[in-house]
Amino acid sequence: MSNPRASVVIPAYNAAGWIERLLESLKRQTFRDFEVILVDDCSTDSTFDIAKNFLGASGLHYKIIKMYPNQGVSCARNQGIREACGEYICFIDSDDVIRPEYLEKLFNMAKKCDLDIAFCGYDEVDSASGKLISRRCKKSSYFDDAKTGVECFIALLRNKVKIEMWTTLYRKSMLRLANLWFTPYRKIGEDREFLYKALLEAKRVAYIAEPLYVYCRHSESTTRQSWYDKFRHCYDVGLYHQLIKFIEKKGYDDELIKTVKRYSLSRATLKMLSGFILYGEDDNFWKALRNKKIREMLRYSYPTFFDKPEVPFKAFLALHFPKVFYRRYVKQRETNLKKH
């Protein structure tokens, strides 16, 4: 075939239990001018064989790439970007599903409105039962028309819109021109970091308020594992520092740095501190609270008092009444232990 209009990149690692379900949803797409790029990150199960057999009989245009050694999801997605021939590109997790109109509606809107990024809502379902857990596709007057990527970036950090990396179609030329890649070997937050940077580079972004993507929750999901909850906010603090460096390097408005510090870095720092207590890392809590840089990061939240007063209030409590703050989360920790 000539170059496809869209490329679907699927990183896969030991996904034998659900990869066929995803590929079946790709086979049912109403939009046909796309390629599948499946990157098997050195699976030790039958993921590669299942995908090869299914795709070989599907009539879809595809590439299957086997990576050696195992390098992680970021490297797998980066390999997909290198291989992609489509005008637009999306990244779908191997354990999720897309609805039949996912590609058609996102691609048509992207072309009609000359977008760098088009994104949709999603449903969160239980993988085993298929039961709906939540629906994330609010209609918003904010998206009556296309916005700049910077506007969306600010709205996302301020929780005025909900955008996920995997519900999103990206113009490939924008990614190439901006030299955007997933940070290799990052275990947590690599998807958000990529999305943030892409939004900052995008000239036009628009939204379809329909749940065209299905996010499947199961016991092996990263976000269901205890280590994720324990360390996520530590990783997030580092992520937002990296994002600030990116903004500085690109020469964006300093107001963006203030937004990251006030609405994201300060909150991640606060959650990191409370997380130390909740997971019994009391020494780390007291040690971190003595750190001048961490105390400064907490104070970043003060100007947001009229937007979300509980965050700067908790930050003030941690800074000036740390024993009260500590006892509050010790009590929550004890309650959590009783539940389990």
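Cβ separations smaller than 7 Å between residues 6+ apart or across chains give the following pairs from region 113-138 residues that are touching a residue at least 12 places away in the same chain (Cβ under 8 Å) to residues that are assigned to a loop (DSSP other than H, G, I, E, B) and of a type in the set (Gly, Ala, Ser): Cys113/Ala146; Leu115/Ala146; Asp116/Ala202; Ile117/Ala202. Of all the criteria given as (1) under 27 Å from Pro4 (Cα atoms); (2) part of a helix (DSSP H, G or I); (3) over 15 Å from the mean Cα position of the chain (by Cα), the one not satisfied by Glu151 is (1). Determine if region 201-215 includes at least one residue that is out of contact with any Leu (no Cβ under 7 Å at 6 or more places or on another chain), within 18 Å of Lys250 (Cβ to Cβ), at pLDDT 95 or above and not aromatic (Phe, Trp, Tyr). The answer is yes; a qualifying residue exists.
Determine if region 47-66 includes at least one residue that is at pLDDT below 95 and surrounded by 17 or more Cβ atoms within 10 Å (Cβ to Cβ). There is no residue in region 47-66 that is at pLDDT below 95 and surrounded by 17 or more Cβ atoms within 10 Å (Cβ to Cβ).
Just the residues that are more than 23 Å from the chain's Cα centre (by Cα) and either among the aromatic types (Phe, Trp, Tyr) or buried (at least 23 other Cβ atoms within 10 Å of the Cβ) (or both), please, taken from region 1-33. The answer is Phe31, and nothing else.
Which residue is surrounded by the most Cβ atoms within 10 Å (Cβ to Cβ), if the candidates are limited to region 105-164 and must be touching a strand residue (DSSP E or B) at 6+ places or on another chain (Cβ under 9 Å) and among the β-branched types (Val, Ile, Thr)? This residue is Ile117. Return yes or no: is Asp307 outside any helix (DSSP H, G or I) and among the acidic types (Asp, Glu)? Against the criterion (outside any helix (DSSP H, G or I) and among the acidic types (Asp, Glu)), Asp307 qualifies.
Criterion applied to Arg232, Arg186 was being in the same structural domain as Thr259 (by TED's automatic domain parsing), more than 20 Å from Tyr102 (Cα to Cα), charged (D, E, K, R) and modelled with pLDDT under 95, and the one residue passing it is Arg232.
Of the residues in region 324-332, none is outside the structural domain of Thr148 (by TED's automatic domain parsing), modelled with pLDDT of 95 or more and not in a helix (DSSP H, G or I). Within region 253-280, the set of residues being surrounded by 15 or more Cβ atoms within 10 Å (Cβ to Cβ) and not in a helix (DSSP H, G or I) comprises Tyr279 only.
The values are calculated or read from the model by the stated rules, or taken from the named source; none is laboratory data. Fair warning: this is a prediction, and the values are worked out from it, not measured in the lab. Using ideal geometry, Cβ is built from the backbone for each residue, glycine included, and neighbour counts are taken over all protein chains shown.
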